[in-house]
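Notes to accompany the following structure.
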Amino acid sequence: MKKSILVTRPSLAPLSELLPYLEEIWASGMLTNDGPMVRRFEQSLAEYLQVADVVCVNNGTNALQLSLRALELEGEIITTPFTFIATANAVLWEHCKPVFADICPDTWNIDPGDIEARITEKTSAILAVHVFGRPCDTAALSRIATEHGLRLVYDAAHAIAVTTGDDSIMRHGDASIVSFHATKALNTAEGGACITDNSELAEKLRKLRFFGFDSDKRITGAGTNAKMSEICAALGLANLGRMDRVLQDRKTRYELYLQELQDLPRLRFQSFKADEYNYVYMPVLLDSDERVRAVTARLEENAIYPRRYFYPALHRLDLFGRQERLPVAEDIAQRILCLPLYDSLAEADIRKICSLVRECC
Ligand code: T4K
């Protein structure tokens, strides 16, 4: 039987590095409810990301919902159709309407020019995604948000450790969220965080994730249960300890793909600055939907499973009211394929994937 190669595999610290944290939890008997391991993980993350405040929650989707809720958003929120469904679902769950703007053809991020065309008196915020970790045009988005009095939230689910200049990408806007799902470069099995430099907002988020309780267990409002458990935080701490190595290993593998595929005229890479990317995904843009299907079929015959992140573009789904056509997003979404990329992927496997891709291009 052929060995399967999946689009990703979890980046996991050796068990021996997790055990000391688990022993502490077993000794304390504290498994959840804002315990010491979550606080330690939050502090370590704040240092690692160089941000003021990190509020950990039980997944990235809830991090998004809590951020929208804490900012008291209503009406319309302008967002990108080229993202995972969770981005737009979070808007719906907060009883707002996602209004989709088109994306840029090279970065695949939301197009600031198209946002401006979609602002109405009902717009309360922009929810931008650093797709595949590629930073959005944060300067343009800040300018638009300020000029129109809008809130600006970043879905940075893919953008762990990305910096622009000397600054963490998570320091832009009113808040950013990150995901620590098993498939992310930094994982806590399930998990996520809201990140903000605004201490009042962070306090509000802490209450919202914990039924609305303040630190004296007084009820301050309608919160929910979005707490991260101590065991998830322990896994996060163990994995955070080897993040730099994980990212370096991914970068090496990304560069091998680049070297093997860059001469193919029918294939392009996401455009990014080398020091502003985390090399967590391996998306390639092919010249047609048919070629995406052909490459996928050829790889699957060999037990290699790439993924069409993110297809279809969300704006034409019935769920979001089949909004007007967005030509760039529709074109890009049907031509992107994410090839396998993770830190333990063997060099020989990458060469094999590339030679199969070449056969179809
Ligand atoms: N915003 C954006 C822009 C996002 O991309 C996401 C999540 C969110 C928000 C929400 O964050 P979370 O609420 O999820 O924290 C995955 C993830 O479930 C999802 O977290 C992620 N984005 C999305 C892009 O991808 P699938 O449908 O690819 O998952 P699955 O189970 O097919 O896994 C992919 C591959 O990984 C499989 O071939 C097997 C492998 N795998 C998976 C898991 C779960 C493992 O080897 N071990 C595992 O434990 O959605």
Counted residues in the range 115-140 being away from the ligand (no atom under 16 Å from the Cβ) and assigned to a helix (DSSP H, G or I) come to 7
So which pairs qualify, if the first residue must be in the range 135-148 and under 17 Å from Ile77 (Cβ atoms), the second must be of a type in the set (Gly, Ala, Ser), the Cβ gap must be under 7 Å, and the two must be at least 6 apart or on different chains? Cys136/Ala128; Leu141/Ala128
I'd like to check something: does the range 195-202 contain any residue that is touching a strand residue (DSSP E or B) at 6+ places or on another chain (Cβ under 7 Å), farther than 23 Å from Met30 by Cα and within 16 Å of the ligand (Cβ to nearest atom)? yes
Taking the range 297-338 and keeping residues aromatic (Phe, Trp, Tyr) and within 19 Å of Ile77 (Cβ to Cβ) leaves Phe310, Phe320
Selection from the range 148-163 of residues assigned to a loop (DSSP other than H, G, I, E, B) and touching a His at 6+ places or on another chain (Cβ under 7 Å) yields Ala156, His158, Ala159, Val162
Any idea which of Lys227, Lys122, Lys207, Lys184 is closer than 19 Å to Thr83 by Cα, modelled with pLDDT of 95 or more and of a type in the set (D, E, K, R)? Lys184
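Restricting the range 164-185 to residues that are part of a loop (DSSP other than H, G, I, E, B) and over 11 Å from the mean Cα position of the chain (by Cα), which is nearest to the ligand (Cβ to nearest atom)?
The residue in question is Ala182.
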Restricting to the range 136-155, name every residue that is touching a helix residue (DSSP H, G or I) at 6+ places or on another chain (Cβ under 6 Å) and surrounded by 24 or more Cβ atoms within 10 Å (Cβ to Cβ). Val153, Asp155
Applying the selection to the range 7-35, what residues are away from the ligand (no atom under 16 Å from the Cβ) and assigned to a helix (DSSP H, G or I)? Ser16, Glu17, Leu19, Pro20, Tyr21, Leu22, Glu23, Glu24, Ile25, Trp26, Ala27, Ser28
Just to be sure, is Ala233 of a type in the set (A, V, I, L, M) and part of a helix (DSSP H, G or I)? yes
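The values are calculated or read from the model by the stated rules, or taken from the named source; none is laboratory data. Computed from a prediction, not measured in an experiment: that's the story for all the values here. With ideal geometry, Cβ positions are generated from the backbone for all residues, glycine too; neighbour counts draw on all protein chains shown.
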